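Worksheet for the structure shown next.
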Amino acid sequence: MNRKIVIAGNWKLHKTNQEALQLANQIKIKNTHIKKAGIIICPPFTALSEVHSVVKDCNVALGAQNVYWEKQGAFTGEISAGMIKSTGAVYAIIGHSERHQYFGETDETVNKRINAALEAGLKPIVCVGETLEEREKNITAQVVTRQIKGAFAGMSADAMKNIIIAYEPVWAIGTGKTATPDQAQEVHALIRQLISKEFGNAVADNIVIQYGGSVKPDNAESLLGQKDIDGALVGGACLDADSFTAIIAAAEKLLQA
Ligand code: 13P
């Protein structure tokens, strides 16, 4: 199996178009030498087309932060997978815990969004992860298993080749509390096992499972050094070109070792 590491930046609700262009340009320029690590940036919908014009011919791929499952119709304020695809974006984050927390996301809607994204030719970055309460109740494995089964219900092994999974413990998002490399590795191994059981070893061996939750330049290497951690989904630290670049550098270093 070829070791892969993919670093994605989730810009969340940040950056006007002008600011987005500036950040994308800086990220592009600072990472021209990166050959092995994958790089994805996920600006807000409003900046996708403009940012695409900056990154279209380089090693930085573009993603959105959500997808609606209907193709078109009277769904005011929603954005379809086809619309996202038309901006030049290739990826879409789906089921982020903030969508669950603030916007009524469920395992079922995550599944619908994944299907719509795949149908339009987008690659979903599917988020799972337990809350602090769930971790303290010792039901992390149960929760993540339910989320994985729900998200990928009815999916074919072939479709799974276009999926990235991000394990993001909710208690580690934006809190400065990172899961220890061992805590993260344990859940990543469980996720790979579940994927293997449902879709076979080949899919499980090749699927990228990212960790997310307070990933910073100073903890990136120890997290990415874990056997089943194939990347990071970065929030806060991706809004600054230097800190995002330092995380990418940690990935590249591990891949060259
Ligand atoms: P932070 O890196 O700010 O904790 O956010 C993680 C995240 O939610 C990425 O999707």
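Data table
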{"quantity": "In segment 12-29, the residues that are of a type outside the set (Asp, Glu) and open to solvent by 80 Å² or more (accessible area, probe 1.4 Å)", "calculated": "Leu13, His14, Gln18, Gln22, Ile29"}
{"quantity": "Residue under evaluation Lys137, criteria (1) farther than 19 Å from Asp228 by Cα; (2) under 17 Å from the mean Cα position of the chain (by Cα); (3) surrounded by fewer than 21 Cβ atoms within 10 Å (Cβ to Cβ), criterion not met", "calculated": "(2)"}
{"quantity": "Boolean, Gln101 is within 16 Å of the ligand (Cβ to nearest atom) and more than 15 Å from the chain's Cα centre (by Cα)", "calculated": "yes"}
{"quantity": "Top-ranked residue of segment 77-97 - restricted to ones that are part of a helix (DSSP H, G or I) and open to solvent by 50 Å² or more (accessible area, probe 1.4 Å), ranked as farthest from Thr46 (Cα to Cα)", "calculated": "Lys85"}
{"quantity": "Among the residues listed as Asp228, Asp218, the single one being in a helix (DSSP H, G or I) and either touching a Pro at 6+ places or on another chain (Cβ under 8 Å) or surrounded by fewer than 22 Cβ atoms within 10 Å (Cβ to Cβ) (or both)", "calculated": "Asp218"}
{"quantity": "Single residue of Ile34, Ile41 found to be open to solvent by less than 30 Å² (accessible area, probe 1.4 Å), farther than 21 Å from Ala151 by Cβ and either more than 15 Å from the ligand (Cβ to nearest atom) or without any contact (Cβ under 8 Å) to a residue 24 or more places away in the chain (or both)", "calculated": "Ile34"}
{"quantity": "Segment 57-76, residues that are touching a strand residue (DSSP E or B) at 6+ places or on another chain (Cβ under 7 Å), open to solvent by 40 Å² or more (accessible area, probe 1.4 Å) and within 30 Å of Ala241 (Cβ to Cβ)", "calculated": "Asn59, Gln65"}
{"quantity": "Number of the exception - Gly212 against (1) in contact with a helix residue (DSSP H, G or I) (Cβ under 6 Å, 6 or more places away or on another chain); (2) open to solvent by less than 10 Å² (accessible area, probe 1.4 Å); (3) within 12 Å of the ligand (Cβ to nearest atom)", "calculated": "(1)"}
{"quantity": "Residue that is farthest from the ligand (Cβ to nearest atom) [pool: residues in segment 147-186 that are among the small types (Gly, Ala, Ser) and open to solvent by less than 30 Å² (accessible area, probe 1.4 Å)]", "calculated": "Ala159"}
{"quantity": "Residue under evaluation Leu254, criteria (1) touching a Gly at 6+ places or on another chain (Cβ under 8 Å); (2) within 16 Å of the ligand (Cβ to nearest atom), criterion not met", "calculated": "(2)"}
{"quantity": "Residue in segment 247-254 that is touching a residue at least 40 places away in the same chain (Cβ under 8 Å), surrounded by fewer than 23 Cβ atoms within 10 Å (Cβ to Cβ) and on the phi > 0 side of the Ramachandran plot present", "calculated": "no"}
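The values are calculated or read from the model by the stated rules, or taken from the named source; none is laboratory data. Just so we're clear, the structure is a prediction, and the values are computed from it rather than from any experiment. Every residue, glycine among them, receives a Cβ derived from its backbone with ideal geometry; neighbour counts consider all protein chains shown. To get the accessible areas, we keep the full protein, side chains included, count just its heavy atoms, and leave off ligands, DNA and RNA. Shrake-Rupley method; radii C 1.70, N 1.55, O 1.52, S 1.80 Å.
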